[in-house]
Amino acid sequence: MAQGVSWFRWLMLQRGLRIPSLGAFYLQVEARRGKKTAVVALARKILTIIHHILVNLEPYVEEGLKKKLKAQGLPSVQVTSPWRIWLRY
């Protein structure tokens, strides 16, 4: 994790922690394995999500969000750009 642009690594970590499911994932790994391993695991998870967004051209929808919106009678998530939902956090 020491390679690459340092501000980008910092930005990925900060944005990842603000997304509830990713923040919970980070805390679970940190409790079991320690902070350094949790940072690497979170970065890998975020990069996997970014790869999925770019390859499939689909937005990232947090786990359980579709079910929550449907239960409240709200329309499903519509995103024109795959990056808009990631950058809003």
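The values are calculated or read from the model by the stated rules, or taken from the named source; none is laboratory data. Everything quoted here is computed from the prediction, not taken from an experiment. As a convention, Cβ positions derive from the backbone with ideal geometry for all residues, glycine included, and neighbour counts pool all protein chains shown.
May I ask you to list the residues in segment 39-70 that are crowded, with 16+ Cβ neighbours inside 10 Å, more than 14 Å from residue 9 (Cβ to Cβ) and hydrophobic (A, V, I, L, M, F, W, C)?
53
Does segment 48-67 contain at least one residue that is touching a Leu at 6+ places or on another chain (Cβ under 9 Å), modelled with pLDDT under 80 and on the phi < 0 side of the Ramachandran plot?
Yes, there is a match, as at least one residue in segment 48-67 is touching a Leu at 6+ places or on another chain (Cβ under 9 Å), modelled with pLDDT under 80 and on the phi < 0 side of the Ramachandran plot.
Can you tell me how many residues within segment 1-43 are under 18 Å from residue 64 (Cβ atoms) and among the hydrophobic types (A, V, I, L, M, F, W, C)?
The qualifying residues number 5.
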